[in-house]
Amino acid sequence: MSRRWKDILTLHLPLVIVLAFCAYATFNQYGRAQEGIQRSWAYTFQWPIIGLFAIVVWNRYRKHGNLTRWFTDRYRARVAAYRAEAEAAEQVEQVAQPPDPDAEAWAAYQADLRRREAERADVTDRGGSAAPPGWHDRGGSAAGS
């Protein structure tokens, strides 16, 4: 099936059917409103608005193809722009800030703990005691009871 026939069957024909139904419903509700059914006045104006909405949707499909693809492409472009903007702001912020002495002290403390833990693991691997210096086990409990 060619692209033209596919557009006719999936895009243009449904629009014609929806507009024909909206026109029929409008005239039907107008006739009922003339008979004295007051609620039909609202429907008399509602069906043409629904027909206009169908035309807007048809035009969007005709211009952009799949609606979800258009929204997805637009969303992805916006996300990429926001991400680039955030990364640029983050780089400027990192360059502008001096190093934090507390963060450096914390990193040094963690490095010292890792070094001590590695030394302790080396001692236990060689068959030594893993207990800290000055700690004595009295009666087999760590609490010293």
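Residues of region 51-71 that are modelled with pLDDT of 80 or more and of a type outside the set (Lys, Arg): GLY51, LEU52, PHE53, ALA54, ILE55, VAL56, VAL57, TRP58, ASN59, TYR61.
Looking across region 23-39, the residues that are in a helix (DSSP H, G or I), loosely packed, with under 12 Cβ neighbours inside 10 Å and not aromatic (Phe, Trp, Tyr) come down to GLN34, ARG39.
Take ALA42 and tell me if it is of a type in the set (A, V, I, L, M), touching a helix residue (DSSP H, G or I) at 6+ places or on another chain (Cβ under 6 Å) and in a helix (DSSP H, G or I).
Numbers: of a type in the set (A, V, I, L, M): yes; touching a helix residue (DSSP H, G or I) at 6+ places or on another chain (Cβ under 6 Å): no; in a helix (DSSP H, G or I): yes.
Criteria not met by ALA42.
When you scan region 48-63, do you find a residue that is over 30 Å from ARG3 (Cβ atoms) and assigned to a helix (DSSP H, G or I), even just one? Checked against the condition, which is being over 30 Å from ARG3 (Cβ atoms) and assigned to a helix (DSSP H, G or I), region 48-63 yields at least one hit. Looking across region 50-92, just one residue is among the hydroxyl-bearing types (Ser, Thr, Tyr) and touching a Leu at 6+ places or on another chain (Cβ under 9 Å), and that is TYR61.
The values are calculated or read from the model by the stated rules, or taken from the named source; none is laboratory data. Just so you know, these numbers come straight off a predicted model, no measurement behind them. Reconstructed Cβ throughout: ideal geometry from the backbone, glycine too, with neighbour counts over all protein chains shown.
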